[in-house]
1. Name the residue farthest towards the positive end of the dipole of the chain from the options Ile150, Ser69, Pro139, assuming +1 on Cβ of Lys and Arg, -1 on Cβ of Asp and Glu, about the Cα centre.
2. Quick one: helix 6-16 against the long Cα principal axis of the chain, what's the angle to the nearest 10°, folded into 0 to 90?
3. Using helices alone, I'd like the mean residue ellipticity at 222 nm for the chain: each DSSP H run of four-plus residues gives -39500 (n - 2.57), total over residue count, nearest 500.
4. Suppose the chain between Glu20 and Trp8 were pulled fully straight at 0.36 nm per residue; how much longer would it get relative to their current alpha carbon spacing?
5. For the stretch 86-184, state the average projected area of the convex hull of the C-alpha atoms over all orientations, rounded to one decimal in nm².
6. Compute the normalised compactness of the stretch 131-184: alpha-carbon radius of gyration over 2.2 N^0.38 Å, N being the residue count.
7. Distance cut-off 22 Å, Cα to Cα: go down the list Lys143/Lys172; Lys50/Lys183; Lys74/Lys169 and report the pairs above it.
8. For the stretch 75-122, what mean projected area does the convex hull of the alpha carbons give, in nm²?
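No value in this document is a laboratory result; all are computed from the given coordinates. What you see is a predicted model, and the numbers here were worked out from it, not measured in a lab. Quick reminder, even Gly has a Cβ in these numbers, built from the backbone with ideal geometry, and neighbours come from all protein chains shown.
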Amino acid sequence: MAIKSDRWIRRMAHEHGMIEPFEDRQVRAGVVSFGLSSYGYDTRVADEFKVFTNVFNTVVDPKHFDPRSFVDIKADACIVPPNSFALARTIEYFRIPRNVLTVCLGKSTYARCGIIVNVTPFEPEWEGHVTIEISNTTPLPAKIYANEGIAQVLFFESDEACEVSYKDKAGKYQQQRGVTLPKI
């Protein structure tokens, strides 16, 4: 398995629609950077956020998740309360090839502010908008900027296709659009 370069990512985006919309270069001036980098793609966060609230005193249960645990916000920026989190989604829609697995890591600009971005790997033949968890580990409110970089996606290509892909097993998050809550 090998990490893929900017040339490979560009070709896959243009010829196979792997990333849409696709920014062919790194955009950096006055923003948290996004777009194509040397060995990855810095994805942007959309302007749709679900900010966690405990107003109903519910238990966070992945098998019986209460959607009232979130406040929906659509804005150019989102304030994540201290020691809390928000869910968001990428602007980009991804279509992962059958012989590729991705790892997604938070941007260092946010990490240096105590903001942790968590995204699970994109499995072979998964497609959709990526749901992102943004944790504010600080005792202060944290600001997240929509339409700017949030995480870097690294692409690993295997020398052979997997036996069973995410699409083959009819994964529950296949072709998700918007911010998607936990499912069982």
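1. Checked the options; the winner is Pro139.
2. 90
3. Taken over the chain, the calculation gives -2000 deg cm²/dmol.
4. Once the chain is fully extended between Glu20 and Trp8, it gains 2.8 nm.
5. 6.9
6. My calculation over the Cα atoms of the stretch 131-184 gives 1.62.
7. Cα-Cα > 22 Å for Lys143/Lys172; Lys74/Lys169; rest within.
8. Dividing the Cα hull surface by four gives the mean projection, 4.4 nm².
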